[in-house]
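Data first, discussion second: the structure below is written as structure tokens.
No value in this document is a laboratory result; all are computed from the given coordinates. This is a predicted model, so every value here is computed, not measured. Every residue, glycine as well, gets a Cβ built from its backbone with ideal geometry; the counts of neighbours run over all protein chains shown.
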Amino acid sequence: MGRMSVSQTVRATDWLGACRRAAQAIRARLDAPQTRSQRLAETGTIGGGGDRTLVLDADAEEIVFGELERLHAEGRAFVAVSEERGEVAFGADPAAPHVRVVIDPIDGSLNAKRGLPHHALSIAVADGPTMADVAFGYVYDFGPGEEWSAWRGEGAFLNGERLREQPVERRGADGRLEMLAVESADPRHLDRAGDMADIARRLRVLGAIAVSLCQVAAGRVDAMASLWRCRAVDAAAAQLIVREAGGLVAFPAFDDPLGAPLDLEPHSPVIAALSEEALAQLAVVPVPLASP
Ligand SMILES: [Mg+2]
């Protein structure tokens, strides 16, 4: 592996296979009868991303790390950035250029905990430090059992089928978007949804940032906006899936729309749309931005 560039190393690895094995194992864990009665259990710790860690999150992360250990044993080197464990080096020097694997073992943990449908495994693989460098994205939504994936430059896939049709933006007679997905963990942020009344006719809140973004990729909603700063683990994989499907994504706290770093800090809201016009409309909604 020593002579391979970072991007060659990304390409030479069966990330899709590893993600599929992890998703299958997590789904089996979620479906196990004993899990149903233990969904509400917390481990008593706070994850690297700052949320309370559920037993489910910790178990799902352990499954993903099992796959990463297998890849590392096969000679791959990378740095994992994961919601609960933080940054973990698998034979790569974090100070030198390296492959980054950005993981949310369960995006929408609270949905999983309470038995609501949308909660997803999200894994992104990048050959550089920002959203623009994500080369592979994988989101498995355990509710409907939908698998979303994309390789940079090769289009987006739903359940293994290429999304061939450019998703079409729908607007009402008054020019507003027909449907906007918003994400926020905190009801106080919903104040900001009011600012979107001029942009969209209807809102949907699914409760998982990665899943909401994927709906834009398939044209099921016209746009998506997180009402607060999101973390890379939530958005890194799905933002590539949206872009490879023909949609547009921005992290408006950054001058470079895809300049958000692949770390554990919540830096910027994420917005996604199917036209430059809608993306520009969402970008001006006054969400308080942390300085990058
Ligand atoms: Mg999570």
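Some values worked out for this structure:
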| read-out | value |
| --- | --- |
| Most mobile of 141, 174, 57 in a GNM of the chain (Cα contacts under 10 Å) | 174 |
| Cβ-Cβ FRET estimate between residue 228 and residue 275, R0 fixed at 35 Å, reported to 0.05 | 0.90 |
| The stretch 263-272 - phi-based ³J(HN,Hα) in whole Hz, Karplus 6.51/-1.76/1.60, Gly and Pro as x | 10, 9, 7, x, 9, 8, x, 10, 10, 9 |
| If the convex hull is drawn through the Cα atoms of the chain, its volume per residue in Å³ | 123 |
| C-alpha long axis of helix 15-31 to longest principal axis of the chain, angle in ° | 80 |
| Simple label model, 7 Å out from Cα along Cβ direction - residue 74 to residue 14, nm | 0.5 |
| Segment residue 32-residue 96, length gained on full extension (0.36 nm per residue, minus Cα span) | 18.9 nm |
| Percent of Cα-Cα distances greater than 18 Å, calculated over the stretch 163-220 | 40 |
| Length-normalised contact order for the chain - Cα pairs under 8 Å, 6+ apart - percent | 15 |
| FRET efficiency estimate (nearest 0.05) - Cβ-Cβ, residue 5 to residue 46, R0 41 angstrom | 0.65 |
| Beta bridges per DSSP with both ends in the stretch 6-162, % antiparallel, nearest 5 | 85 |
| Helix-derived mean residue ellipticity, 222 nm - over the chain, DSSP H n ≥ 4, -39500 (n - 2.57), to 500 | -9000 deg cm²/dmol |
| Packing-based exposure ordering (other Cβ within 10 Å, fewest first) of 209, 63, 241 | 63, 209, 241 |
